[in-house]
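Chemist: Sharing a structure, written as structure tokens. Questions coming.
The values are calculated or read from the model by the stated rules, or taken from the named source; none is laboratory data. Quantities reported herein were computed from a predicted structural model and do not represent experimental measurements. Don't worry about glycine lacking a Cβ; one is built from the backbone with ideal geometry, like all the others, and counts go over all protein chains shown.
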Amino acid sequence: MRRTLRQRAERKWLLAAEPKVLEELRRLRARVTHVTGALAATSDGVVLAHDTATVEPEGVAALTAAALGVARSLAAATGRGDFRELLVRGEDGYVASYAAGSTAVLTVLAGDRTNVGRLHMEARRSGARLADLVGVALSRAEQP
């Protein structure tokens with residue numbers, strides 16, 4: 001029962017943070033040429049906010065959670081420490097996921113002409129900002 005109440009409180013505060021999270025996603029898209037979408041989700045695949053037009057955000061968040069699990073296991077099994085980021089390159093562009101604290105993840109969709117160095121630099125900054133926003137929301141949920 002307590003766990004359910006805590007989860008409801010967390011969801012409430014995370015939803016309250018959605019406008020600020022969405023604003024950060026839009027700023028990221030504005031700062032990096034050829035970024036076509038971005039979404040923030042919890043580590044277990046719940047969408048916090050998204051700025052995507054061509055993909056279904058819930059599906060991408062669920063796939064991100066699955067990839068995150070594999071990436072964390074791979075990093076741990078090879079002695080590389082905690083998960084930081086994952087980059088997938090396809091024929092038509094990139095899908096990159098970045099840690100946003102320990103409870104959230106940022107996933108960015110980018111075209112094949114994207115400057116990957118710039119993408120990493122800006123997305124890491126956005127991930128840190130999202131971690132702060134999510135952290136504040138979760139700390140509010142823990143208050144009585």
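Chemist: Could you count how many residues in region 66-106 are farther than 24 Å from R118 by Cα, buried (at least 16 other Cβ atoms within 10 Å of the Cβ) and at pLDDT 95 or above?
Modeler: Within region 66-106, residues that are farther than 24 Å from R118 by Cα, buried (at least 16 other Cβ atoms within 10 Å of the Cβ) and at pLDDT 95 or above number 0.
Chemist: If I ask for residues that are crowded, with 18+ Cβ neighbours inside 10 Å and among the acidic types (D, E), which ones from region 36-63 would you list?
Modeler: D51
Chemist: Which numbered condition in (1) crowded, with 18+ Cβ neighbours inside 10 Å; (2) of a type outside the set (G, A, S); (3) modelled with pLDDT of 95 or more is the only one that D112 fails?
Modeler: Checking D112 against (1) crowded, with 18+ Cβ neighbours inside 10 Å; (2) of a type outside the set (G, A, S); (3) modelled with pLDDT of 95 or more, the one that fails is (1).
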